[in-house]
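All of the numbers you see were taken from the coordinates with simple rules; none came from a lab. Owing to the predicted nature of the structure, the values given are computational and were not obtained by experimental measurement. Cβ atoms come from the backbone with ideal geometry, glycine included; neighbour counts cover every protein chain shown.
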Amino acid sequence: MYANYPIHRQRYDAIMRRTYAVRLRYLKKNGLKCHHQILDYGCGSGHFVRFLREQGYSISGYDPYSKEFTEKETLQRTYDFVLAQDVIEHAQDPRALFGELVRLCAISGTICLCTPDSERIRFSDTRRLQFNLHLPYHAHTLSRTALLKLAKGFGVELLSTQPEYYFNTWIPVANFRFLEEYVTAKGGVLDVIFDPLDLPFVLRSPRLIFSAFFGRACPITPNFTAYFVRASSQG
């Protein structure tokens, strides 16, 4: 199913690097240090791995569906920071996946997990559902409450939660509202955001022009991020 996964077409361009800088700022705010050993679990095409290496960080990437990052040796050690950006919703067994993240995290290390929050998705708005659910790739859509409940019993403590998504910026078109409006206007297929931007299409729509520049002011992000500290051996 993931052989032609559209996210693997994501471009490592100037906009992506600037949004990654926002993501890095959030990580540093929650304890990431330059000397930490980092794992990006489910790293896809590895753009964030590349970005952090360019910033001087020591980071490994693992993704069973990306040829460059399938080394099993990566999973034979522990890390100070384990990242799982938009990963757990793809797992057939979210509890097992969370347990694997805990296993890979060193004692006193941090797990950073970002996923859509089902409590913030407007299921009544069927035109926009595909953007948030991304079927058939998302197997589960957990609520914030369900994720925090799932984490109990794994020897982790909640450090913080972050309702803000790193892709909500003031950079034109780099905000979640614009992405949702653009995908919806294009027929609801999420894949279009990994194609070159159809600028003439955007310029014909006052709604898209507004959200491209001002979408950050009225965010609709369904995603949230939770930071956990591994305080003991896995329960």
| Averaged over all directions, how much area does the convex hull of the C-alpha atoms of region 184-235 cover when projected, in nm²? | 6.5
| request: State, in angstrom, two size descriptors of region 10-119 derived from its alpha carbons: Rg to one decimal place and Dmax to the nearest whole number. | output: 13.4, 37
| Radius 10 Å from Cβ of ASP198, net charge of other residues (Lys, Arg +1; Asp, Glu -1) | +1
| remark: For the pair ILE171 and GLU54, the simple spin-label estimate (label points 7 Å beyond Cα toward Cβ) gives in nm 1.0
| task | Can you give me the P(r) profile for region 75-120? Cα pairs, bins 10 angstrom wide beginning at 0, each as a whole percent. | result | 28, 52, 18, 2
| query | Taking the Cβ-Cβ separation of ILE107 and ALA21 as r and a Förster radius of 30 Å, what is the calculated FRET efficiency to the nearest 0.05? | reply | 0.50
| message | Once the cut-off is 20 Å, how many percent of the Cα-Cα pairs in region 149-233 end up in the long-distance tail? | response | 46
| Given just the C-alpha atoms of region 47-101, how large is their convex hull per residue in cubic angstrom? | 96
| message | Given the -39500 (n - 2.57) contribution per DSSP H run of 4+ residues, what per-residue ellipticity at 222 nm results for the chain, rounded to the nearest 500 deg cm²/dmol? | response | -8500 deg cm²/dmol
| request: State, to one decimal in nm², a quarter of the convex hull surface area for the C-alpha atoms of region 16-59, i.e. the direction-averaged projected area. | output: 2.9
| query | Of all trypsin sites (Lys or Arg not before Pro) in region 21-68, which ones are in loop regions per DSSP and have a Cβ with at most 12 other Cβ atoms within 10 Å? | reply | LYS33
| Value of relative contact order over the chain, rounded to a whole percent, pairs C-alpha under 8 Å and six or more apart | 23
| Sites LYS149 and ARG204 - FRET efficiency at Förster radius 35 Å, r taken between beta-carbons, to 0.05 | 0.15
| remark: In Å, the C-alpha Rg and Dmax of the chain are 17.6, 56
| said: Give me the net charge for the shell around CYS43: Cβ to Cβ below 10 angstrom, other residues only, Lys and Arg +1, Asp and Glu -1. | reply: -2
